[in-house]
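Single-structure report; data block below.
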Amino acid sequence: MKKYECENCGEKFKKEELCSDSFKEGTYYCRSCSDELMDAGWNAVDPDHNFDSFSDWDEHGH
């Protein structure tokens with residue numbers, strides 16, 4: 001079975017263990033790293049967590 005290397009942690013994962021959004025773009029992030037990166041991005045743009053999601057930020061944010 002083919003394995004893909006996570007761009008962030010460097011470990012190898014099966015396709016179903018990767019973030020499907022990044023896989024479509026041709027980059028590979030495991031689900032754990034993908035979640036960590038999304039949380040870091042959210043904390044960077046909304047440190048007080050006043051918005052429920054990136055969509056909410058886009059519609060009501062800055």
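Of all residues being outside any helix (DSSP H, G or I) and at pLDDT below 90 in region 28-53, which is least open to solvent (accessible area, probe 1.4 Å)? Just the residue, please.
Only one residue fits best here, namely D46.
Here are some residues: K2, K12. Which one is at pLDDT 85 or above, surrounded by 12 or more Cβ atoms within 10 Å (Cβ to Cβ) and on the phi < 0 side of the Ramachandran plot?
None of the other options fit; the residue is K12.
Just one of (1) modelled with pLDDT of 85 or more; (2) of a type in the set (D, E, K, R); (3) open to solvent by 80 Å² or more (accessible area, probe 1.4 Å) trips up K24, so point out which.
(1)
Looking at this structure, is N8 assigned to a loop (DSSP other than H, G, I, E, B) and touching a helix residue (DSSP H, G or I) at 6+ places or on another chain (Cβ under 7 Å)?
yes
The values are calculated or read from the model by the stated rules, or taken from the named source; none is laboratory data. Just so it is clear, the model here is predicted, and its values are computed rather than measured. We place every Cβ from the backbone using ideal geometry, glycine too, and count neighbours over all the protein chains shown. Protein only, heavy atoms only, side chains kept; ligands, DNA and RNA dropped before computing areas. Shrake-Rupley method; radii C 1.70, N 1.55, O 1.52, S 1.80 Å.
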